[in-house]
Structure formats: C-alpha cells, structure tokens
C-alpha cells in the first residue's frame, strides 16, 4: 500500500440549494441515507476519511500518497442531508508524468529558420561586453553578490555548467561574453516589457514590469552578408529587465519565503541572450530553458541539462 | 519560465481554485521615448473554442521574433505561473478546439490537469493553428495548459508561446463561460478540484 505523505482537509462555507438535490447524482455525489453532520465517512480505499460537516458546509479531504492521491468530499445541505463523493484513487502515471531527467532529455527548440541563419553572437564581435545597471539592484540584496550571481549565470552557457558529468565542448572563443562593469544606461526594454530600438549596449537591470512577468529578455540582430558568405543574423544587443516588484535572492543559500533566485532566472535569460528558445515544461521541465521556473528558492536552472547543452552547441556550431 | 512545478507539488490540494492569474497592469510610464511596435512583439492569442464561446488563455511565458528594417528582434517574456480565470462549461464527450489565433503554423502540446492538481489526466498535440479535441474527462474542473513550441504568423512573427485555460465538464450547468470564482460561491457539488 502506498505510504501516505500528507492529509489535507478543508471546509467550505456556503449552502447547497435544496433544489440541487436531484442534480447531485449526476456529479457522482451520493446521498448518505440517515447520515447526520458529525458522522464519520471513510474512503473505500481506507486511505482517508472525515466527519460530515455542519449544515451548509462542504468538506474536502485529500491524502497525498507517494504514488498519487485519494480524495473525497462530504457536503451537508441546509436541511441536514449528507452527500458524499469518493473519488477513485489517482495513481501516478508514468506515461503522463511529464518531464524526463535533465541529463537524459536532449530537447531544445530550433529556430524556424535554417541554422545558417541562426541568430547568435558573431566571432568578429567577440568578446562582447554586457553591463549591469548596478544602481537598480534592490537595496535588500548585496550588490557585489548580485553581480557575482549574474556573472555565474552568464558563465553557465559558454562553460556548459552541468551536473551530468558532461564536458564543455564549446570553445570559449566561440561564445565569450564578459562583464563590462556597471553602467548608468537603461535597458532597451520599456516598463511594459516591450523592446525598443537597440542601443548596441547589452544591459541588465532591475526595474518594474507588469504583474506576473518575472523578466524580459530582448535580443536584437542585424543582417550580415560578407562577400562570399551566407547571410546570417548577428546579435548586436541583448538586454534583460528583471522585475523589481518581485522579491529576489541571489543564490539558494539562505533563501526562504517567496523569493525568486536571481541566478536561476538569469541563467534562463542568458540562454535567450545566447539564442535559445523555450522548451515545453510538460515534457522537458528539468531543462533550464523550460517555460517554468521550479518555484521559489529553486536552483535547478543554475545548471544546464542535456537539451540546453545540445541546443547551445548546435547554435555555436559544436556537437 | 513560469514559477510552477515544485510549487504546484507543494500545493497538496487546491481548495479555493486560484484565480491567481492577476491582470496585466496597464502600461506605465517608461524611460524610453520610442513607441515600440507592440503588435509585432506580441504572440498570437491562444483560444479555447467550444459551444460556450471563445475563451482566451491567460498568457504564460513566450518568445516572439519579428523582422525589423535591419535585422530581427526577439522578445522573450518569462512569467510566473498563470491560472485560468475562466472556465468553459462543456458536456462530457463534447468537443472543443484549441486555436492559435493568427497563426499559419503551430505545433506543441496540451496537457490537462484537474484544477489545482499537478498530475496530467490527458495530453494531446497541437497540430496546426486549430486542434480539435473530444473531451474524455470525468465531470469536474480542469486546467488546460497549452504549450506551443513553435508558431508562425502570416505577418512574419515566429516563436513559442504558452497559456492556461479552464474547463468545467458538467452534465447540467448551462453552457457558458464562467469565472473560476463561481466555483467558490458555495456550489458545493461542483467543487471538484
């Protein structure tokens, strides 16, 4: 039998209109004849149970198991009639359980255009400096530590920083950007999160953005066609605006509460700056470039997964 | 990237169905004087079409790239987790369609979870701008997570996009699109999340 991890119970206020009785069975609710508020009901699995709530209340109880969940609901209407709904045990499903591990999932999103046209930093402009508008670093963060965290985020890509035991096969000369220091220049990103004309200076700053946006990355290119060469798009400017309305922590050490990790989010953002797109959260949720960060104080995005590395290698002509 | 998976897992159950989507704030003053071409930087909307009407998804993370006079511009917006704010009421075994408005090409994946839960109960592929699907779900409230890994529009935008939609499978309730908050209004038997 599965081990129970947690049980949660909640009672909702609010009466069930008596006229709804006839409709209840259609929603898999059953009247419990003779039952009263306070009577104990046990789920058929034996894995959870609860007492019928007071009239006018609905109660939900769910036990989270190692392999899934079991839940039931009990509702007592204003007239004292008790309704019960026992949901089947929901077992975890391997084939629908989502993401593969970070070291085995080779997913990356290729550009719509062909690879020769891929947007990337060009060796003729490297090393390309990027800057931090340090005056925007929130006062509750240590500025020097924030700069270090962002530098580590940037370095994750050219060094292919990973926990998979995989070596770095991108030559530094192929993808070398360096921290250019502090700047007073603004990003080319508006407070609404839109990109403006490129300034040709890559800037990272903390500044307000609309609700629910954690960060915006704008990468802008110019067409290049040298004699005898295939036309390609050369990145000329990659800015990131981090939403200062959220609460941040530089690294996972000491992180608690509703804080997002600068290093985790910025590793993802630098991925965009280097030319990476998103991959699916539901199928590749452990990769840095998946659409969702893993939550507050979560650090998996610090390190690249297999797909992240294969993608960056493909862009920069390795692998 | 959206804050989600582990946080979701930490939510052992969902009581009040979260309407946490929030509303994008109206544009505030910016330091830039230039008025950006916002349309070219906006992904095509994700829409759930059913007999109840059209429900536009709560936008989640996306990247959209478009051409400029001298090159290209790619805007990637990474968002915290979006929850559906509305639910399309549908019948069991009814039909819906996921539409990527304005798209000429689209591919990706749709996953369906009980509202407030993390385990997928259904999954199907986005195969083009319009993906029909017959509902094979037990009555209850669901979140429909759409992840478009690649799209292209007629006006030249391309990229990826994602969004969250809500579905209420119900045999009796009037076909309509209702706010998620309606599930918290004491209609006990319909609170299946």
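Data table
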item: Segment B:33-188, relative contact order in percent, only Cα pairs under 8 angstrom and at least six apart counted; result: 30 percent
item: Calculated log₁₀ intensity ratio I(q)/I(0) where the Debye formula runs over C-alpha points of segment A:180-228, q = 0.26, 0.30, 0.32 Å⁻¹; result: -1.06, -1.27, -1.36
item: Within 10 Å of each Cβ in B:55-68, the average number of Cβ atoms from other chains; result: 4
item: Global geometry of segment B:28-109, whether rounded, prolate or oblate, following the gyration tensor of its Cα atoms and the 1.5 cut on a/c; result: prolate
item: Prolate/oblate/rounded call for segment B:74-125, Cα gyration tensor, a/c under 1.5 rounded; result: oblate
item: Shape of segment A:160-319, Cα gyration tensor, a/c cut at 1.5; result: oblate
item: Segment B:101-190 - percent relative contact order, Cα under 8 Å, separation 6 or more; result: 28 percent
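Coordinate-derived values only; no laboratory data. The structure presented is a predicted model; accordingly, all values stated were derived computationally and were not measured. All Cβ positions, glycine included, derive from the backbone under ideal geometry; neighbour counts span all protein chains shown.
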